[in-house]
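Participant: Below you will find the structure I want to go over with you.
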There are 2 protein chains.
Amino acid sequence: MMDDRIETAEHAWHGLRVLLLEQHDRRKEVAEALGMSFNRVKALRRIANQPCTLRSLAEFMVIDAPYATVIVDDLAKRGLVERTANPADRRSKLVRVTPPGRAAAEEGNRILDTPPDALLALPPDDLAALDRIVTRLLD
Amino acid sequence: MMDDRIETAEHAWHGLRVLLLEQHDRRKEVAEALGMSFNRVKALRRIANQPCTLRSLAEFMVIDAPYATVIVDDLAKRGLVERTANPADRRSKLVRVTPPGRAAAEEGNRILDTPPDALLALPPDDLAALDRIVTRLLD
DNA sequence: TGAAATAATTACATACATACAACTAATACT
DNA sequence: AGTATTAGTTGTATGTATGTAATTATTTCA
């Protein structure tokens, strides 16, 4: 026999998925705004967050090393990132954002994190409760 | 000066995005489980939900007509959907799921809607509140 | 009835995602 | 010192996503 809590969790999760992935998926919008695929945006945001080696970028993106090279090549060609020496290990390179790259990453984050109107229309108590619960879920 | 409510909404929405799109994105998992790209899964789920014309499928997926043909061709080749006559308009065709297609779509939905453990670990009151608020957001 | 619009297909083109093999340079280990 | 390992690159291959142009069959409408 199914626990009520499990049923509620499934219902809530389904609703969240519809809300985030079906009704308010911003990935296409971000890709168009920045003129690159969402995967490139994802890589750029990662690099902007902190300089990283191609290896760690590949791990983060769950891609292989050659594809990481392709993505960084593309971002570098756009002038958004640059390869710099890694004093700790001369085999590897640290990929860093350039100022334009940082601006693009921030623009992407801004679009991604803009809440839908429905969220602003919530009663203040509900909004506060939602924020508190989501924060707890992320811990 | 920025409203507190807006700030809270942005924080909550950011958290939801991280939770749903970064920490618990099930798209890769579904694609692997069903042996097809997530876009094919999305189309299959739409068709399983209700038979539809290629035109309406293209609208739903935000793709053009030729790509809709390609996707339906692929799903049909896998035996998951079939084109049937549309009595209302003989120019168009109604795409329907086959029994295996329905099973695959349901498997996809099951994976997509499985809540993460963190959700089950919430205090019952928080879980109930989350479910209630999410349901309200979807109205 | 004849012209315009629509649904679907076919062919073609390009960018993107993904994987594997082979190679160089640098590091780690025995 | 010599071998194995690691980081990155290059080349190649396949599937997928996306768009345009042209074609056929059917419907709508002036």
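Participant: Can you report the number of residues in the stretch B:90-113 which are charged (D, E, K, R), over 30 Å from A:LEU16 (Cβ atoms) and in contact (Cβ under 8 Å) with a residue 24 or more places away in the chain?
Facilitator: So in the stretch B:90-113, the residues charged (D, E, K, R) come out as B:90-91, B:93, B:96, B:102, B:106-107, B:110, B:113.
Next, only the ones that are over 30 Å from A:LEU16 (Cβ atoms) stay: B:90-91, B:93.
This time we only want the ones that are in contact (Cβ under 8 Å) with a residue 24 or more places away in the chain, so: B:93.
The number of residues fulfilling the criteria is 1.
Participant: Hey, another quick one. Which count do you get for residues in the stretch A:1-49 that are under 29 Å from A:VAL72 (Cβ atoms) and among the hydroxyl-bearing types (Ser, Thr, Tyr)? Walk me through how you get there before you give the answer.
Facilitator: Just the residues of the stretch A:1-49 that are under 29 Å from A:VAL72 (Cβ atoms), to begin with: A:20-21, A:25-49.
Retained after the next criterion (residues that are among the hydroxyl-bearing types (Ser, Thr, Tyr)): A:37.
Selection size over the stretch A:1-49: 1.
Participant: Could you list, in sequence order, the residues of the stretch A:79-120 that are surrounded by fewer than 16 Cβ atoms within 10 Å (Cβ to Cβ), out of contact with any Lys or Arg (no Cβ under 8 Å at 6 or more places or on another chain), aliphatic (A, V, I, L, M) and at pLDDT 95 or above?
Facilitator: Answer for the stretch A:79-120, where residues must be surrounded by fewer than 16 Cβ atoms within 10 Å (Cβ to Cβ), out of contact with any Lys or Arg (no Cβ under 8 Å at 6 or more places or on another chain), aliphatic (A, V, I, L, M) and at pLDDT 95 or above: A:ALA103, A:ALA118.
Participant: Looking at the stretch B:73-91, which of its residues are within 23 Å of the chain's Cα centre (by Cα) and outside any strand (DSSP E or B)? Reasoning before the result, please.
Facilitator: Initial filter on the stretch B:73-91 (within 23 Å of the chain's Cα centre (by Cα)): B:73-83.
B:ASP73, B:ASP74, B:LEU75, B:ALA76, B:LYS77, B:ARG78, B:GLY79, B:LEU80, listed by residue number.
Participant: Write out, first by first residue and then by second, each pair whose Cβ atoms fall under 9 Å of each other, whose residues are 6+ apart or on separate chains, and whose first residue, in the stretch A:123-139, is facing chain B (nearest Cβ under 7 Å) while the second is among the hydroxyl-bearing types (Ser, Thr, Tyr) and assigned to a helix (DSSP H, G or I).
Facilitator: Between residues of the stretch A:123-139 that are facing chain B (nearest Cβ under 7 Å) and residues that are among the hydroxyl-bearing types (Ser, Thr, Tyr) and assigned to a helix (DSSP H, G or I), the close pairs are A:PRO124/B:THR8; A:LEU127/B:THR8; A:ALA128/B:THR8; A:LEU130/B:THR8; A:ASP131/B:THR8.
Participant: Among A:LEU94, A:LEU119, which is the only one that is over 30 Å from B:GLU7 (Cα atoms) and more than 10 Å from DNA strand C (Cβ to nearest atom)?
Facilitator: Values: A:LEU119 fails: over 30 Å from B:GLU7 (Cα atoms).
The conditions single out A:LEU94.
Participant: Out of the residues in the stretch A:56-76 meeting the condition of being closer than 14 Å to A:LYS93 by Cα and β-branched (Val, Ile, Thr), tell me which one is farthest from DNA strand C (Cβ to nearest atom).
Facilitator: A:VAL72
Participant: Does B:LEU34 satisfy the condition of being touching a strand residue (DSSP E or B) at 6+ places or on another chain (Cβ under 8 Å), more than 10 Å from chain A (Cβ to nearest Cβ) and within 14 Å of DNA strand D (Cβ to nearest atom)?
Facilitator: Numbers: touching a strand residue (DSSP E or B) at 6+ places or on another chain (Cβ under 8 Å): no; more than 10 Å from chain A (Cβ to nearest Cβ): yes; within 14 Å of DNA strand D (Cβ to nearest atom): yes.
Considered against the rule, which asks whether it is touching a strand residue (DSSP E or B) at 6+ places or on another chain (Cβ under 8 Å), more than 10 Å from chain A (Cβ to nearest Cβ) and within 14 Å of DNA strand D (Cβ to nearest atom), B:LEU34 comes out as no.
Participant: Residues in the stretch A:37-58 that are more than 9 Å from DNA strand D (Cβ to nearest atom) and in a helix (DSSP H, G or I): how many?
Facilitator: The first filter runs over the stretch A:37-58 and keeps only residues more than 9 Å from DNA strand D (Cβ to nearest atom), leaving A:39-51.
After this cut, where a residue has to be in a helix (DSSP H, G or I) as well, the list is A:39-49.
Of the residues in that region, 11 qualify.
Participant: Working only within the stretch A:40-64, note down all residues that are more than 14 Å from chain B (Cβ to nearest Cβ) and open to solvent by less than 70 Å² (accessible area, probe 1.4 Å). Working first, answer last.
Facilitator: Applying the first criterion (more than 14 Å from chain B (Cβ to nearest Cβ)) to the stretch A:40-64 yields A:40, A:44, A:47-48, A:50-59, A:64.
Matches in the stretch A:40-64: A:ARG40, A:LEU44, A:ILE47, A:ALA48, A:PRO51, A:CYS52, A:THR53, A:LEU54, A:SER56, A:LEU57, A:ALA58.
Participant: Taking B:VAL81 as the residue in question, decide whether it is away from DNA strand D (no atom under 13 Å from the Cβ) and in contact with a Cys (Cβ under 9 Å, 6 or more places away or on another chain). Give the derivation first.
Facilitator: Values: away from DNA strand D (no atom under 13 Å from the Cβ): yes; in contact with a Cys (Cβ under 9 Å, 6 or more places away or on another chain): no.
The answer is no for B:VAL81.
Participant: Yes or no: the stretch A:11-21 includes at least one residue that is within 13 Å of DNA strand D (Cβ to nearest atom) and of a type outside the set (Gly, Ala, Ser).
Facilitator: Kept after step one, since they are within 13 Å of DNA strand D (Cβ to nearest atom), are these residues of the stretch A:11-21: none.
Within the stretch A:11-21, none of the residues are within 13 Å of DNA strand D (Cβ to nearest atom) and of a type outside the set (Gly, Ala, Ser).
Participant: Pick out the one residue from A:VAL70, A:VAL18 that is free of Cβ contacts under 8 Å to residues at least 24 places away in the same chain, part of a helix (DSSP H, G or I) and closer than 30 Å to B:LEU130 by Cβ. Outline the logic, then answer.
Facilitator: Values: A:VAL70 fails: closer than 30 Å to B:LEU130 by Cβ.
Being free of Cβ contacts under 8 Å to residues at least 24 places away in the same chain, part of a helix (DSSP H, G or I) and closer than 30 Å to B:LEU130 by Cβ holds for just one of A:VAL70, A:VAL18, which is A:VAL18.
Participant: Check whether at least one residue in the stretch B:21-32 is away from DNA strand C (no atom under 15 Å from the Cβ), in a helix (DSSP H, G or I), under 15 Å from the mean Cα position of the chain (by Cα) and basic (Lys, Arg), and report yes or no.
Facilitator: No, that holds for no residue.
Participant: Just a yes or no: is a residue in the stretch A:99-119 away from chain B (no Cβ under 14 Å) and touching a Cys at 6+ places or on another chain (Cβ under 7 Å)?
Facilitator: Of the stretch A:99-119, the ones away from chain B (no Cβ under 14 Å) are A:99-105, A:107.
Then keep just the ones that are touching a Cys at 6+ places or on another chain (Cβ under 7 Å); that gives none.
No, because not a single residue in the stretch A:99-119 is away from chain B (no Cβ under 14 Å) and touching a Cys at 6+ places or on another chain (Cβ under 7 Å).
One line per residue, one yes/no per condition, for (1) modelled with pLDDT under 95; (2) under 25 Å from A:LEU112 (Cβ atoms):
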site	(1), (2)
B:ASP4	yes, yes
B:HIS11	no, yes
B:LEU16	no, yes
B:GLU22	yes, yes
B:ASP25	yes, yes
B:VAL41	no, yes
B:ASN49	no, no
B:ALA58	no, no
B:ALA68	no, no
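The values are calculated or read from the model by the stated rules, or taken from the named source; none is laboratory data. Quantities reported herein were computed from a predicted structural model and do not represent experimental measurements. Every residue, glycine as well, gets a Cβ built from its backbone with ideal geometry; the counts of neighbours run over all protein chains shown. SASA here: full protein model, heavy atoms, side chains in, ligands and nucleic acids out. Shrake-Rupley method; radii C 1.70, N 1.55, O 1.52, S 1.80 Å.
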